[in-house]
Every structure is written in C-alpha cells, then in structure tokens.
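Participant: Have a look at this one.
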C-alpha cells in the first residue's frame, strides 16, 4: 500500500502543479486585461483548489503510512530527511491554506479585478511555497 500511495502522490503532484500554474496564469491574464470573471475562470481556480486538496490528503496518508514519517523527527541533522519529514509537509499545508483563503476571498470580492487579484496573489504565494519545498532529488 505504501508504494501505491507514494507513486500516486508523486504522479498527482504533476497534475496539481499544472492546474495551479494554469489558475495563476489565467488570473494574471484576466487581471491585466481587465476582463470579466466568468464561470470558466471560476472552474479553473476550483480545479486548482481541488487538485491541491487531494494532494494534501494523499500526502497526509503517505506521511502516516511511511516507514519514516514522524519517526524521523529524531534525525533532523540530515537535510534530506528533514525536508521530507518536516519542511515539505509543513510548508505545503501553509501553501494549501493560502490557496483556500484565496478561494474564499475571491467569492466575497465585488469586482472582477478583485476576484482575479485574490486568485493571483493567494494561489501564486501557495505555488511559490510548494515549489520551494518539493524534494527535487526524489522527483528526478
């Protein structure tokens, strides 16, 4: 089961990142061109939100079924182990909270520009945090 969850978490990450980048770029284009925030724009942001939440749930499952997981806290001197057992999960939880806040704030925004702005800022910050803590050595 561990291997399946690990492979799924790694594979789903590509889709989640793609949808998140697409949502950020779409909001930047919408914001800069001052276009109307349509149902298509809402769905793009929603798919990014859903993909990152699925990634979080699978990541949490992986964390608790992993042979290392929380048992690695005694080994914080090893940078690679610290990244996968502490920095990666904690930073990604913060990133997904930011993405969720962006989704919530865009729903309350009154203007099209404000809606695009909320998605761009919060999803963009979340994307930057996620990219900063990906264990690149394990990916490639």
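Here, each number is a calculation from the coordinates, and none is a lab measurement. All figures in this text were calculated on a predicted structure; none of them were measured in a lab. Don't worry about glycine lacking a Cβ; one is built from the backbone with ideal geometry, like all the others, and counts go over all protein chains shown.
Participant: Once R0 is set to 35 Å, what does the formula 1/(1 + (r/R0)^6) return for the Cβ-Cβ distance between residue 110 and residue 90, expressed as a FRET efficiency to the nearest 0.05?
Facilitator: 0.55
Participant: Just to confirm my numbers, what's the Cα centroid distance between region 78-140 and region 1-37 in Å?
Facilitator: Here the two parts' Cα centres lie 11 Å apart.
Participant: Sticking with this one: In µm²/s, what is D for region 2-139 at 4 °C and 1.567 mPa s, where D = kT/(6 pi eta Rh) by Stokes-Einstein and Rh is the Kirkwood radius from Cα pairs? Write out the running numbers ahead of the final one.
Facilitator: Details: Rh = 15.6 Å.
Estimated via Stokes-Einstein, D reaches 83 µm²/s.
Participant: Can you compute the modelled spin-label distance between residue 54 and residue 33, with each label point 7 Å from Cα toward Cβ, in nm?
Facilitator: 2.7
Participant: Under the definition of Cα pairs under 8 Å and six or more residues apart, what whole-number percent is the relative contact order of the chain? Could the numbers behind the result be given before it?
Facilitator: Values: 153 pairs, mean separation 43.8, N = 140.
For the chain, the relative contact order is 31 percent.
Participant: Sum -39500 (n - 2.57) across every DSSP H segment of at least 4 residues in the chain, then divide by the residue count to get the 222 nm mean residue ellipticity, nearest 500.
Facilitator: Values: 6 runs with 109 residues, N = 140.
It lands at -26500 deg cm²/dmol.
Participant: Given labels modelled 7 Å from the Cα in the Cβ direction, how far is it in nm from residue 82 to residue 131?
Facilitator: In this crude label model, residue 82 to residue 131 measures out at 2.4 nm.
Participant: Once you've got the GNM for the chain with C-alpha springs shorter than 10 Å, pick whichever of 33, 66, 104 has the biggest mean-square fluctuation.
Facilitator: So, out of 33, 66, 104, the one fluctuating most is 33.
Participant: Mind telling me which of 14, 123, 63 comes out most flexible in a GNM of the chain, alpha-carbon contacts under 10 Å?
Facilitator: Highest fluctuation among the options: 14.
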